[in-house]
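Heads up, the thing below is written out as structure tokens.
The values are calculated or read from the model by the stated rules, or taken from the named source; none is laboratory data. As the structure is a computational prediction, the values presented were derived from the model and not from experiment. Please note: Cβ atoms are built from the backbone with ideal geometry, for glycine as well, and neighbour counts cover all protein chains shown.
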Amino acid sequence: MSFSRFALRLSAIEALCPTGGPYPTIAGKRVYDSRIDLIAGDDDLSSIEPNPLICVYTEDQHALPYGSAKYPAAENVVTLVLELMIAVRGEVEIDNPDGESETVGDIGTPVTDREHEALLDLLEAQAVYLLDPKNMAPSAAIFTKVAWELQSVHSDPQRAADRSVRIAARTVKLHVKVKKEAWPPFPVSPAPTGLALYPEPMATVAAMLPAGSAARALCTRLAPYAPQPAAPIPLDGINLAVSLGSDDETDGFVATV
């Protein structure tokens, strides 16, 4: 099931931040995959507010049978998490393994106010709209190759560590029904190579990612390590024991095909 999460996360990021633009949310190109700390200097995050940004994660996944059936567990639901915030640039000092310290870029989240809350509401509305397959948003063409439907949305405001101060950030959890992974039953000839080594829908998502994008490069690098179906066991023959109108189990013949 892990390739479903991988495909969902990459396609969601492409929907929110299409490679090369235009960008369909107020976050612009500030959409990050799974990590928001240590933002580099070329990430278009200024020290002047506001800086809306989105960080995309895939968290829990569960599989349930369809309807009242007990088997197979064919309905897969993945929790797609969007961390939305109005961020400011800062610096933080970290300790390297060699014992030396280094100052690197970091982000901070200010206390919220009326403008920040309005921006967060707008950003959430834009993101949820794009990631609802029924809306068929132009930038979400790849996303709909893995996502069946948006089943529910849960949005929580964020507070400081001591819970006393509300900050300009929200966590939005989207429960997305995804397409089941489909592995080929037997190796095909010629043997698949490159992105075709992935199961569906991961193979389709990877192939649709723009050439030259970081997501496409990541898929290409990992593809050779995708598990492959085992080779079928050769069939040497079939033995048939046939009894022709006799109660004697030894009365008959044995045919080998």
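To keep it simple, each residue is scored yes or no on (1) closer than 27 Å to M208 by Cα; (2) of a type in the set (D, E); (3) more than 20 Å from the chain's Cα centre (by Cα).
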position: T112; (1), (2), (3): no, no, yes
position: E124; (1), (2), (3): yes, yes, no
position: K134; (1), (2), (3): yes, no, no
position: A137; (1), (2), (3): yes, no, no
position: A140; (1), (2), (3): yes, no, no
position: R159; (1), (2), (3): no, no, yes
position: I167; (1), (2), (3): no, no, yes
position: V172; (1), (2), (3): yes, no, no
position: K180; (1), (2), (3): yes, no, no
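One residue is enough: does the range 199-215 have a residue meeting the conditions in a strand (DSSP E or B), over 28 Å from A7 (Cα atoms) and either small (G, A, S) or at pLDDT 75 or above (or both)? So far as the range 199-215 goes, no, none of its residues is in a strand (DSSP E or B), over 28 Å from A7 (Cα atoms) and either small (G, A, S) or at pLDDT 75 or above (or both).
Selection within the range 1-48: residues that are more than 17 Å from V146 (Cβ to Cβ) and aromatic (F, W, Y). The member of this set that is modelled with the lowest pLDDT is Y32. Among residues that are buried (at least 16 other Cβ atoms within 10 Å of the Cβ), without any contact (Cβ under 8 Å) to a residue 60 or more places away in the chain and not small (G, A, S), E124 is included. Could you list, ordered by first residue, the pairs with Cβ atoms under 6 Å in which the first is in the range 188-213 and without any contact (Cβ under 8 Å) to a residue 40 or more places away in the chain and the second is part of a loop (DSSP other than H, G, I, E, B), at least 6 apart or interchain? Taking only residues 6 or more apart or on different chains, the pairs are L197/A226.
With the requirement that a residue be under 11 Å from L8 (Cβ atoms) and either at pLDDT below 95 or assigned to a helix (DSSP H, G or I) (or both), what does the range 134-143 give you?
If the condition is that a residue be under 11 Å from L8 (Cβ atoms) and either at pLDDT below 95 or assigned to a helix (DSSP H, G or I) (or both), then F143 is the only one that fits.
Taking the listed residues L174, L195, L122, L130, the one that is closer than 18 Å to E83 by Cβ and in contact with a helix residue (DSSP H, G or I) (Cβ under 6 Å, 6 or more places away or on another chain) is L130, with no other qualifying.
Against the numbered list (1) touching a Lys or Arg at 6+ places or on another chain (Cβ under 7 Å); (2) within 28 Å of N51 (Cβ to Cβ); (3) not in a helix (DSSP H, G or I), S164 comes up short only at (1).
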